[in-house]
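The values are calculated or read from the model by the stated rules, or taken from the named source; none is laboratory data. Here the structure is a predicted model, which means the values were calculated and not measured. Here the Cβ positions follow ideal geometry from the backbone for every residue, glycine too, while neighbour counts run over all protein chains shown.
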Amino acid sequence: MRRAWFAILALTHALAAPVLAQRADSARTARDSTPPAFRLPPVVVTGTVAPTRPAELGFALTVVDSATLTRSQPRVAADVLREVPGAYVEQAAGPNGPTIVRLRGGEEIFTQILMDGVQFNQNGGFFDFAGFPLTNVERIEIARGPQSVIYGSSAVSGVVNLITREGRAGPPRWQLTTEAGAPVGALPSSNVRGAALQSELTAGGGSSGLRYSLGIGTTYGRGVFALPSAEFTRDLSARLDATPSHRWEVSSAWRAIAIDVKRPVRDPGATRVPLDPNARESRDRAAASLQATFHATPGWTQRVRFSAFREAFVFEDRFDDVASTGTYGFGVFDANFLLDSHLWRTMIGYSSSHQQRIANGSSLRLSYGGEWQRESLTDSTAGDFGAGTLPLARHNVAGYAELHVNAADRLTLLAGTRVDKYAKLSSEFTPRAAAVITILPGTWRLRAAGGRAYKAPNLQQQYLDNPFIAPNPGLGPETSTSWEIGSNLTLLAGRLSVEAGYFRQDFDGLIQLVPFDTSGRLVYRNLSKTAASGIEWTTRLLPAPSWDLRVDGAWLQTEILDNTGLDPQQFPQGAALPFRPNVVISGQVGHQPTHYLHVLLRGRYLGRQTVLTERFSGSRVELRHGAMGTRPDVAIFDLLASVRPSAWIEVYGRVENLFDAQYQTAFDRPGLPLTAVVGLRLTN
């Protein structure tokens with residue numbers, strides 16, 4: 001199977017040559033090449049029961065559209081999220097290592113990841129973005145703040161929803177993208193440290209009654225260390241949209257993602273201990289969804305939705321006698337171990353929205369619905385710690401309601417609540433309210449929102465029972481209360497936009513592993529408390545039609561309020577949480593002097609952050625950057641350019657880490673060096 005995928009990778013690269021001989025209508029302009037402009041999508045589908053205009057949302061939401069995805073040239077999804085205010089992409093094992101996204105200083109498990117509305121998180125909320133591709137993705141919607149009122153467990157700090165491209169009515173349209181990159185001075189070979197390859201082939205078309213889109217993609221990242229990571233991703237996607245009548249809409253999406261990768265960097269770092277030649281993992285994800293929408297009347301819409309998600313995860317490591325290489329003052333995992341984990345999640349849901357127009361352009365919309373979900377998990381282990389299989393399963397029933405009031409576009413109110421009932425757990429209520437006040441129409445509006453969110457304990461935390469861990473079926477959820485205020489200002493006839501907001505989140509009942517009895521067994525309990533607050537902003541200026549300037553950022557302050565169950569040396573009470581920079585700023589200057597050329601200079605600034613020396617444990621230290629390790633902060637710049645000599649061909653390139661900054665992604669884990677990438681995009 002692996003050879004077959006390598007053949008597909010080679011084939012999509014080779015397709016570029018013969019396609020150059022084809023000619024297309026020179027008057028046809030690719031949809032994704034539209035010049036930068038201020039325009040929000042008419043509606044968004046993330047964060048509310050029914051599609052809603054972004055200007056009517058009282059909570060922070062970022063939309064990364066198709067044109068932005070094309071201009072920013074991301075290799076994987078994590079590259080896009082680095083530019084989102086309030087988001088921090090953490091690579092605690094270095095490039096091509098496990099990658100997580102924190103929203104507003106929350107834990108990894110407090111961000112729910114969706115693909116076309118289907119939850120992709122593992123059981124317990126974990127999600128590894130490493131190698132996660134963007135094949136056939138049209139846009140990404142990131143809703144920050146408590147979203148459990150819509151999505152239930154894990155939507156504590158926010159939701160990331162990747163949406164597959166919808167087919168357009170008309171003749172078949174296809175697009176082929178292929179690129180290769182390597183550190184400057186090296187040829188882009190798969191054996192060169194830092195080398196990367198990517199290919200994507202998408203197609204779409206159909207009629208007004210039935211539209212389709214298809215995509216296939218591969219990515220490969222060799223990694224920057226002496227032993228390769230060899231991260232190899234394959235992605236297949238499809239979407240069908242049907243309109244059998246003016247009252248019915250049917251949409252279905254499928255996606256399969258397979259990732260194989262080696263994990264050479266041990267927890268203590270890349271240089272303090274020898275690299276691991278044997279650790280490897282594979283992760284296969286597959287999802288399918290089917291949604292039918294019935295417009296009973298112009299103001300009454302009903303939806304039925306079914307989704308299924310499957311993940312097969314395998315981690316394997318072998319004993320390599322690392323202790324014989326030296327004496328270390330910290331623990332080093334070195335054993336024969338195999339974990340084979342299989343997760344199934346199915347969901348059936350119904351929702352209904354009633355909208356009533358009132359005088360003076362006002363409207364009222366009431367939405368309500370419910371869903372049933374079942375999770376089953378089977379973990380099998382083998383190796384030096386013994387063999388065993390643990391099958392677990394549970395179901396969840398939820399109901400929700402939401403009221404949306406628009407008073408003549410001057411005041412918008414949004415209020416809702418949801419109740420979730422997991423098997424053998426108490427019911428969880430998650431209310432939320434938001435308001436938007438328009439001070440000057442088209443110029444200035446204020447917003448505010450507040451709510452409650454939760455994350456249910458994962459199955460292992462509740463039911464794992466072995467000589468080391470005691471079960472706790474009554475383990476409660478981790479909860480949060482959150483509020484935010486913000487302002488959106490648009491000036492200079494729409495050429496200047498400034499959005500800023502302040503937020504505060506308090507997390508309670510955080511689950512920790514603590515002693516159970518005198519036998520040495522441990523048990524999971526709800527114990528500690530933390531808090532996060534900060535300021536987020538987005539500023540965009542169009543000084544001239546061909547220029548686009550943007551600055552996004554967040555200032556973050558976290559605090560450990562109660563460290564019960566935590567190591568007081570690593571998590572001292574009153575101190576900041578580790579692995580969270582106090583400032584993250586991203587900026588870009590784009591210039592399009594002609595329709596055929598676009599140039600973009602972007603930069604990212606990371607402020608001070610505290611980390612642990614052994615990734616999950618060790619000493620608490622400040623992360624340092626620079627050749628001598630003296631800087632507590634770092635700035636990284638990229639230069640991107642694209643040339644479109646005709647409507648059907650585009651050549652692009654980028655230089656990553658333009659000034660070859662010597663930075664660390666975590667303690668003893670260097671970042672990417674100065675790297676050059678060249679790509680080709682063909683569109684019929």
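Scan (1) farther than 30 Å from Y328 by Cβ; (2) without any contact (Cβ under 8 Å) to a residue 40 or more places away in the chain; (3) of a type outside the set (A, V, I, L, M, F, W, C) for the single condition G299 breaks and write down its number.
(2)
Test L201 against the criterion of being assigned to a strand (DSSP E or B), farther than 22 Å from T675 by Cβ and in contact (Cβ under 8 Å) with a residue 12 or more places away in the chain, and give yes or no. Let's see the steps before the verdict.
Details: assigned to a strand (DSSP E or B): yes; farther than 22 Å from T675 by Cβ: yes; in contact (Cβ under 8 Å) with a residue 12 or more places away in the chain: yes.
So L201 passes the test.
Using the structure shown, decide if F385 is surrounded by fewer than 18 Cβ atoms within 10 Å (Cβ to Cβ), aromatic (F, W, Y) and either free of Cβ contacts under 8 Å to residues at least 24 places away in the same chain or touching a helix residue (DSSP H, G or I) at 6+ places or on another chain (Cβ under 8 Å) (or both).
In short, no.
State whether the residues of segment 419-427 include one that is small (G, A, S) and touching a helix residue (DSSP H, G or I) at 6+ places or on another chain (Cβ under 8 Å).
Looking for residues that are small (G, A, S) and touching a helix residue (DSSP H, G or I) at 6+ places or on another chain (Cβ under 8 Å), one finds none in segment 419-427, hence no.
For segment 98-150, name all the residues that are small (G, A, S) and in contact with a Pro (Cβ under 9 Å, 6 or more places away or on another chain). Break it down into steps so the answer makes sense when it comes.
From segment 98-150, those small (G, A, S) are 105-106, 117, 124-125, 130-131, 143, 145, 148; that's our starting set.
Answer for segment 98-150, where residues must be small (G, A, S) and in contact with a Pro (Cβ under 9 Å, 6 or more places away or on another chain): G124, A130.
Which pairs turn up if I take residues in segment 116-127 that are crowded, with 20+ Cβ neighbours inside 10 Å and look for partners that are charged (D, E, K, R) and in a loop (DSSP other than H, G, I, E, B) with beta carbon separation below 9 Å, at least 6 apart in sequence or on another chain?
Within 9 Å, the pairs are Q122/D128; G125/E107.
Could you tell me whether any residue of segment 560-571 is at pLDDT 95 or above and within 30 Å of S487 (Cα to Cα)?
Yes; the residues of segment 560-571 include at least one that is at pLDDT 95 or above and within 30 Å of S487 (Cα to Cα).
If you check every pair at least six apart or on different chains, which have Cβ atoms under 6 Å apart with a residue in segment 517-532 that is surrounded by fewer than 17 Cβ atoms within 10 Å (Cβ to Cβ) first and a residue that is among the small types (G, A, S) and not in a loop (DSSP other than H, G, I, E, B) second?
So the pair list comes out as R521/A470.
Of the residues L339, L392, only one is in contact with a helix residue (DSSP H, G or I) (Cβ under 6 Å, 6 or more places away or on another chain) and either of a type outside the set (F, W, Y) or surrounded by fewer than 16 Cβ atoms within 10 Å (Cβ to Cβ) (or both); which?
Being in contact with a helix residue (DSSP H, G or I) (Cβ under 6 Å, 6 or more places away or on another chain) and either of a type outside the set (F, W, Y) or surrounded by fewer than 16 Cβ atoms within 10 Å (Cβ to Cβ) (or both) holds for just one of L339, L392, which is L392.
Only one of (1) small (G, A, S); (2) surrounded by 14 or more Cβ atoms within 10 Å (Cβ to Cβ); (3) over 26 Å from the mean Cα position of the chain (by Cα) is not met by S351, so which one is it?
Condition not satisfied by S351: (3).
What's the total number of residues in segment 632-652 that are buried (at least 17 other Cβ atoms within 10 Å of the Cβ), assigned to a strand (DSSP E or B) and over 24 Å from the mean Cα position of the chain (by Cα)?
5
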